[in-house]
Every structure is written in structure tokens, then in C-alpha cells.
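Notes for the one structure printed next.
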Amino acid sequence: MPVTVDDVRDIALSLPRATEGIVRDSIRFRVGRLVFLAFSPDEKFMGFAYPKHERDALVGSDPERFLLPRQSDLRYNWVAARTDALDVDELREIVIEAWRMCVPKKVSAVVP
């Protein structure tokens, strides 16, 4: 079953310092000013924080599910996924790892 914004919301908002907002009709999850997850306005794609040096390997491993961000966002630690190709089991890991990129290690350590 594909993931939904509600699935992401349940995980993301359970994490310390995480908040939700809407920017240009897009739901985004942040820690302070740093966005760690964002949905496209139609919710078919979910972008998330991901190390730049590892994203080519992720996209190459499963191009049906993962894709590079648009050209203007390549400078960021960011990758995108098709929401209909993700499942809830892997979602928790994606959300938590994206969040970890935006919080201090001391905060990150409280989440297993």
C-alpha cells in the first residue's frame, strides 16, 4: 500500500523539534528552518534530506522509486521518491534518517 501524508505525519511529528507547515501548496516538515521532508502539491512525490554523495547510488539502485531532485535543487542534500512506490515499512527509516540530518547529534541520539 502506498504511503500517505498521514503516514509521514504520524512519524515525523513524533520526532523532537519537528513541525509541519505549508509552503506554496506543499506540505513540509521542518526542524527550525531546515526542511527534512516535503511533498509535491499533488502528493505523488516526497522529497527528503539525503546525503548528496550517496544519492546517485540510491537512485541507481531503484530508479522506479527514487529520483534526483529537480536541477535547481541538486546543490542540496536532497532526493525524491514516488509515494506510490514506497511502503510504510521503509517509510520510518526514511523519515528518521532525513530528520537526523537536521538535528544535533545529542537530539538525534534520543530516537532509536
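No value in this document is a laboratory result; all are computed from the given coordinates. Predicted model only: the values in this text are computed from it and were never measured. Here the Cβ is made from the backbone with ideal geometry for all residues, glycine too, and neighbour counts use every protein chain on show.
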With the condition being among the β-branched types (V, I, T), I'd like the helices (runs of 4 or more DSSP H) fully within the chain carrying at least 2 qualifying residues.
5-12, 88-100
Report, by residue number, each residue of the range 63-101 that is of a type in the set (A, V, I, L, M, F, W, C) and under 11 Å from the mean Cα position of the chain (by Cα).
W78, V79, A80, A81, L91, I94, V95, I96, A98, W99, M101
Just one of the numbered conditions (1) touching a strand residue (DSSP E or B) at 6+ places or on another chain (Cβ under 7 Å); (2) surrounded by 17 or more Cβ atoms within 10 Å (Cβ to Cβ) is not true of L13; which one?
(2)
Within the range 93-112, restricting to residues that are surrounded by fewer than 14 Cβ atoms within 10 Å (Cβ to Cβ) and touching a residue at least 40 places away in the same chain (Cβ under 8 Å), the one that is farthest from A38 (Cα to Cα) is V110
